[in-house]
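Note sheet for the following structure.
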Amino acid sequence: MNPTVYLIPTVLSEDVLDPIPAYVLTAVLECSVFYVENERTARRYLKKLSRDIVIDDYKWIAIHKAEGAVLQQFTADLARGLVIGILSEAGCPGVADPGQRLVAAAQRAGVRVKPLSGPSSILLGLMASGMNGQLFRFDGYLPIEGEERPKAIRKLEADAQQTGCTHIFIETPYRNNALLAALLKHCSGTTRLCIARDITGAGESILTKTIAEWKKEVPDLHKIPTLFLLGEG
């Protein structure tokens, strides 16, 4: 079999398999080695896809930050003609994910890369936000130190007002409330903010309000996976 790299989507909310298409299992069964962000959760996820999967039949390699040793192993597996699966911790590999460096290596090697459909919090949040879906940017994590965070927030807000761009960003779940407090403090009352929490999960809530409206009733986002979207007022 010719070497192939499958980008295998995983769940955003544990035990919620509905957003995973059936053809993902077909691809999983073709693989012989998995490069994963977290081996423990990846193993558990695949076992939930099918009880018939024999987890120990696969080779497992942790991606971490896709450092030199991992890239070297990955390149060697490509050269051996293996079918490889890449799994991130949540959502789609290669998007806000260390698997991107492995995908880049596969592209350099001229190997077939096959992305599979699945839930992406970035796209699902944007779809439901009512904000500009023609011009948007994922900004990852905002700074947390000193004046750097307010400066970054003001810069994103100014760009949203000037260009109409929707700015999308995330935070470590236990820091969500601190980020929200900073947004409410440093943004104009008319600026729109979408808070998308527990996407695809039982507690899913995707609400867009102005900063002034959010100030009237501030949600508790502590330890809840949350996506923030900032748009023009």
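Evaluate the charge dipole of the chain about its Cα centre and quote only its size in Debye, nearest 20, assuming +1 on the Cβ of each Lys and Arg and -1 on the Cβ of each Asp and Glu. Display every interim value, and only then the final one.
Working: 26 positive and 26 negative charges, 49 e Å.
Magnitude of the dipole: close to 240 debye.
For the stretch 116-207, run through the GluC sites (Glu not before Pro) and keep only the ones in DSSP coil with at most 16 other Cβ atoms within 10 Å of their Cβ. Let's see the in-between values first.
Numbers: sites: E145, E147, E148, E157, E171, E204; in loops: E145, E147, E171, E204.
Loop-located and lightly packed - E145, E147, E204.
Quick check for you: which residues of the stretch 151-180 have the amide N under 17 Å from the point 7 Å beyond the Cα of E89 toward its beta carbon?
Those under the cut-off are 169-177.
Using DSSP to define loop residues, name the trypsin sites (Lys or Arg not before Pro) in the stretch 76-138 whose beta-carbon has at most 12 other beta-carbon atoms within 10 Å.
Answer by residue number: R80.
Please compute the per residue accessible area over the stretch 121-190 with all protein chains in place, 1.4 Å probe, rounded to a whole number of Å².
On a per-residue basis, 52 Å².
Filter the cross-link list K185/K216; K48/K223; K151/K223; K155/K185 down to pairs whose alpha-carbon distance in this structure exceeds 22 Å.
K48/K223; K151/K223
Using just the C-alpha positions of the stretch 74-137 as equal point scatterers, what log10 of I(q)/I(0) does the Debye formula give at each q in 0.21 1/Å?
Debye curve over Cα of the stretch 74-137, log10 I(q)/I(0) at q = 0.21 Å⁻¹: -0.89.
Using amide H atoms built 1.01 Å from N in the peptide plane, name the residues 5+ places from I63, or on other chains, whose amide H lies under 5 Å from its own.
V36, E37
Taking the Cβ of S129 as the center, what net charge do the other residues with Cβ under 14 Å away carry, scoring Lys and Arg +1 and Asp and Glu -1?
+2
Quick one: angle between helix 68-79 and the longest Cα principal axis of the chain, in degrees between 0 and 90, rounded to 10, please.
50 degrees
Where only protein heavy atoms count, and the probe is 1.4 Å, what is the accessible area per residue for the stretch 58-105 in Å²? Don't jump to the answer; show the numbers that get you there.
Values: 2060 Å² over 48 residues.
I get 43 Å² per residue for the stretch 58-105.
For the stretch 189-233, what are Rg and Dmax over the alpha carbons, in angstrom?
Here Rg and the maximum Cα pair distance are 10.7, 30 Å.
Counting only helical runs of four or more DSSP H residues, what would the 222 nm mean residue ellipticity of the chain come to if each run contributes -39,500 (n - 2.57) and the total is spread over all its residues? Intermediate values should be presented prior to the final figure.
Numbers: 8 runs with 82 residues, N = 233.
After summing the helix terms and dividing by the residues of the chain, the value is -10500 deg cm²/dmol.
Which order do you get for V113, V5 if you rank them by accessible area with a 1.4 Å probe, largest at the top?
Highest to lowest solvent-accessible surface, that is V113, V5.
If I stretch the segment between E145 and S188 completely, what's the gain in nm (0.36 nm per residue apart, minus their alpha carbon distance), one decimal?
13.3 nm
Ignoring ligands, DNA and RNA, what percent of the 1.4 Å accessible area of the chain is carbon and sulfur?
That share works out to 51 percent.
Can you report the principal axis dimensions of the stretch 106-191 using only the alpha carbons, biggest first, rounded to whole angstrom?
Over the stretch 106-191, Cα extents along the principal axes are 48, 28, 22 Å.
Could you list the square roots of 5 times each eigenvalue of the Cα gyration tensor of the stretch 1-160, that is, the equivalent ellipsoid semi-axes, sorted largest first and rounded to whole Å? Let's see the in-between values first.
Working: eigenvalues 191, 75, 44 Å².
Taking √(5λ) for each eigenvalue gives 31, 19, 15 Å, largest first.
Along the charge dipole of the stretch 1-131, pointing to its positive end and built from +1/-1 on Cβ of Lys, Arg, Asp and Glu, which listed residue (T75, L116, P98) has its Cα farthest out?
Working it through, the farthest residue towards the positive pole turns out to be T75.
From Cα pairs below 8 angstrom and at least 6 apart in sequence, can you work out the relative contact order of the chain, rounded to a whole percent?
Details: 445 pairs, mean separation 51.4, N = 233.
That works out to 22 percent.
Looking at the P(r) of the stretch 1-77, how many percent of alpha-carbon pairs lie beyond 19 Å?
Values: 1067 of 2926 pairs.
Value for the stretch 1-77 (Cα pairs over 19 Å): 36 percent.
In square nanometres, what is the average projected area of the Cα convex hull of the stretch 82-233?
10.3 nm²
The values are calculated or read from the model by the stated rules, or taken from the named source; none is laboratory data. Given the structure is predicted, the values throughout are model-derived calculations rather than measurements. Virtual Cβ from ideal backbone geometry, glycine too; neighbours counted across all protein chains shown. Surface accessibility is based on the protein's heavy atoms, side chains included, excluding ligands, DNA and RNA. Shrake-Rupley method; radii C 1.70, N 1.55, O 1.52, S 1.80 Å.
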